[in-house]
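The values are calculated or read from the model by the stated rules, or taken from the named source; none is laboratory data. Predicted model only: the values in this text are computed from it and were never measured. Note: ideal-geometry Cβ built from the backbone for every residue, glycine included; neighbour counts use all protein chains shown.
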Amino acid sequence: MRQRIIAALGVAALATAGLAACGNGSGSGSGGSGDKITIGIKYDQPGLGLKEGSNYTGMDVDVAKYVAKEMGYDEKNITFKESPSAQRETLLENGQVKMIFATYSITDKRKEKVSFAGPYLVAGQDLLVKADNTDITGPDSLNGKKLCSVTGSTSAQKVKDKFAKTVQLQEYDTYSKCVEALGAGAIDALTTDNTILAGYAAQAANKGKFKVVGKTFSTERYGVGLKKGDTDTCNKVNAALKKMVDSGEWQKAFDKNLGDSGVKLDPATNPPKTFDACA
């Protein structure tokens, strides 16, 4: 009799522990109301992913919140984690984040290490220069110039490979450091996506200091980064993105975050109407 009671107590304890584990998941659960999820974003990109104190704002942030809600996660259970360009693959591979919304362009090379849902926005690479600059009119006018971009991004290397062979490349870990260097005259131009550049140019502290050249020379499809092979989450994300676009919530998020930045997106691809197949 005593052995049966002990056995029963053991089964009950295991069941309780199992329920507790399900209720305190860190993003691997099915998205129940008590589950928690960690999402990677940028912290220094105005209009896209910006951290100010305890507040997170931007298009990437609002899309992430919408998708997470559609997957069953309460906003209060979302933890945002900074995801610099050079660390994104590692954060996903190590399970430190469940998803990444961080101006993460979908490329074949990146697909070797991670999976992507989306795209949820299509941008184009451009240049940011000082407002009074007249000699930089596009990527082919950068020979001999000092060009800045971020470690782990493809932006600066693309300029060097395709347009300006003698460009002097300076790389930092964040775009905000490139903006500081541009303002100080340490570099001649900053290159990355037009959405990111327009966000910096539109900041109150930068009003009148910089301008976006306005000659895009690439197609950047922002995807949702996922752990390699996570097709279940990928399908859920794509379904949520479709709903966001169809309901008009995508346009509301864009107008709120980037509507005043002056960025011009191709209406043929924005908002995205089709999403990549999950694999």
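Tabulated data
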{"item": "Residue in the stretch 122-137 that is closer than 23 Å to Ser261 by Cβ and part of a helix (DSSP H, G or I) present", "result": "no"}
{"item": "Among the residues listed as Asp260, Asp266, Asp255, the single one being among the charged types (D, E, K, R) and either under 26 Å from Gly31 (Cα atoms) or not in a loop (DSSP other than H, G, I, E, B) (or both)", "result": "Asp255"}
{"item": "Residue within the stretch 118-128 that is over 14 Å from Ser218 (Cβ atoms) and at pLDDT below 95 present", "result": "no"}
{"item": "Pick from the stretch 119-159, criterion over 16 Å from Gly199 (Cβ atoms) and of a type in the set (D, E, K, R), ranking: surrounded by the most Cβ atoms within 10 Å (Cβ to Cβ)", "result": "Lys145"}
{"item": "Condition met for Thr274 (β-branched (Val, Ile, Thr) and either touching a residue at least 12 places away in the same chain (Cβ under 8 Å) or under 27 Å from Ala156 (Cα atoms) (or both))", "result": "no"}
{"item": "Answer residue from the stretch 236-258, given it is among the polar types (S, T, N, Q) and within 18 Å of Tyr104 (Cα to Cα) and is modelled with the lowest pLDDT among those", "result": "Asn257"}
{"item": "Count - residues of the stretch 160-219 that are charged (D, E, K, R), in a helix (DSSP H, G or I) and under 23 Å from Ala102 (Cβ atoms)", "result": "2"}
{"item": "Any chance Val122 is more than 18 Å from the chain's Cα centre (by Cα) and in contact (Cβ under 8 Å) with a residue 60 or more places away in the chain", "result": "no"}
{"item": "Selection status of Asp140, out of contact with any Leu (no Cβ under 6 Å at 6 or more places or on another chain), part of a helix (DSSP H, G or I), among the acidic types (Asp, Glu) and touching a residue at least 12 places away in the same chain (Cβ under 8 Å)", "result": "yes"}
{"item": "Whichever residue in the stretch 33-79 is in a strand (DSSP E or B), within 20 Å of Gln203 (Cβ to Cβ) and of a type outside the set (Val, Ile, Thr) and, among such residues, is nearest to the chain's Cα centre (by Cα)", "result": "Gly49"}
{"item": "Verdict on Asp132 being closer than 26 Å to Asp108 by Cβ, outside the structural domain of Ala102 (by TED's automatic domain parsing) and modelled with pLDDT of 90 or more", "result": "no"}
{"item": "Test result for Ala184, small (Gly, Ala, Ser), modelled with pLDDT of 90 or more and loosely packed, with under 14 Cβ neighbours inside 10 Å", "result": "yes"}
{"item": "Candidate set from the stretch 231-260 (those that are touching a helix residue (DSSP H, G or I) at 6+ places or on another chain (Cβ under 9 Å) and of a type in the set (D, E, K, R)); member that is surrounded by the fewest Cβ atoms within 10 Å (Cβ to Cβ)", "result": "Asp260"}
{"item": "Residues within the stretch 90-108 that are surrounded by fewer than 19 Cβ atoms within 10 Å (Cβ to Cβ) and among the charged types (D, E, K, R), tallied", "result": "2"}
{"item": "Meets criteria (at pLDDT 95 or above and within 17 Å of Thr174 (Cβ to Cβ)) for Ser83", "result": "yes"}
{"item": "The lone exception for Lys211 - which of (1) closer than 26 Å to Arg88 by Cα; (2) crowded, with 17+ Cβ neighbours inside 10 Å it fails", "result": "(1)"}
